[in-house]
Amino acid sequence: AYDAYASQNRAVTKQDYLSVIYRMPAQFGQVKRANIVQDADSFKRNLNVYCLCENARGQLAQPTKIIKNNLKIWLNRYKMINDTVDILNGRVVNIGIRFTAIAKRGFNKYDLLVEIYDELRKNLAQQKMQIGERFYITDIYTIINRIEGVVDTTEVFVDQLLTAKHSQVQFNMSEALSANGRFIEVPENVALEIKFPNEDIKGIIL
């Protein structure tokens, strides 16, 4: 999105808007996730901007009123005259991952499990799931299966976590799961997050 900013210094496309949002100076607040959706109920070109920030621990959090107001002022400098923009809170759905894998003979199962945990945490942290972005369960199989010592990954489950320390946003995981079980379809205002990677990723080695 950073490279897609329009040369005419105006936000025209969705990529332009995202670029402008992420370029907002840090003193006005920092938006870490954003999605642009055209309001289907509006007669004009009204754009809904869903955004999320991060807390001190790097976990997703809703933006403050001050940040949303600053973002609206910032976007007004670059938006097209006919565009109207509404700044809205994104929603966070916390998920956990459960898996079962089979180890090759001669490999220590405990050490292998630790290595799988480390690899999943590293890859999922780099992925940084965006608002409205599908979550591909097949990626989990790929990450685990490429680790030396794993014969195969037999099961992967993605669960919504609704404990007291997780987000309480309601999300129907079974309805969001694709018919072939390969990915989770995410609404345009929702971002999935593994809030506590050290706790929310669990596995069994056979």
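The values are calculated or read from the model by the stated rules, or taken from the named source; none is laboratory data. Quick caveat: nothing in here was measured; it's all calculated off a predicted structure. We place every Cβ from the backbone using ideal geometry, glycine too, and count neighbours over all the protein chains shown. Heavy atoms of the whole protein, side chains included, go into the accessibility calculation; ligands, DNA and RNA do not. Shrake-Rupley method; radii C 1.70, N 1.55, O 1.52, S 1.80 Å.
For the reader, a short list of remarks on this structure follows.
- Filtered by the rule that a residue be of a type in the set (A, V, I, L, M, F, W, C), open to solvent by less than 30 Å² (accessible area, probe 1.4 Å) and closer than 18 Å to residue 19 by Cα, segment 68-117 gives 71, 74, 75, 85, 87.
- Any hit, segment 69-83, residues being touching a Phe, Trp or Tyr at 6+ places or on another chain (Cβ under 6 Å) and either touching a residue at least 24 places away in the same chain (Cβ under 8 Å) or not aliphatic (A, V, I, L, M) (or both): yes
- For segment 177-198, the set of residues classified as farther than 19 Å from residue 128 by Cβ and not hydrophobic (A, V, I, L, M, F, W, C) consists of 178, 180, 181, 182, listed by residue number.
- Look at segment 100-127: where a residue is within 14 Å of residue 204 (Cα to Cα) and a partner is among the polar types (S, T, N, Q) and in a strand (DSSP E or B), sitting 6+ places away or on another chain with Cβ atoms under 8 Å, you get 100/153; 100/154; 101/153; 101/154; 102/153; 102/154.
- The criterion of at least 2 residues that are at negative phi and of a type in the set (Asp, Glu) is met by the following helices (runs of 4 or more DSSP H) wholly inside segment 92-206: 109-127, 197-200.
- Checklist (1) surrounded by fewer than 18 Cβ atoms within 10 Å (Cβ to Cβ); (2) over 25 Å from the mean Cα position of the chain (by Cα) applied to residue 159, failing item: (2)
- Residue check, residue 20 modelled with pLDDT under 95, open to solvent by less than 70 Å² (accessible area, probe 1.4 Å) and either out of contact with any Gly (no Cβ under 7 Å at 6 or more places or on another chain) or not in a strand (DSSP E or B) (or both): yes
- Within segment 122-144, tally of residues that are modelled with pLDDT of 95 or more and either open to solvent by less than 60 Å² (accessible area, probe 1.4 Å) or touching a Leu at 6+ places or on another chain (Cβ under 6 Å) (or both): 8
- Selected residue (criterion: surrounded by the fewest Cβ atoms within 10 Å (Cβ to Cβ)) from residues of segment 174-192 that are more than 13 Å from residue 136 (Cα to Cα) and not small (Gly, Ala, Ser): 175
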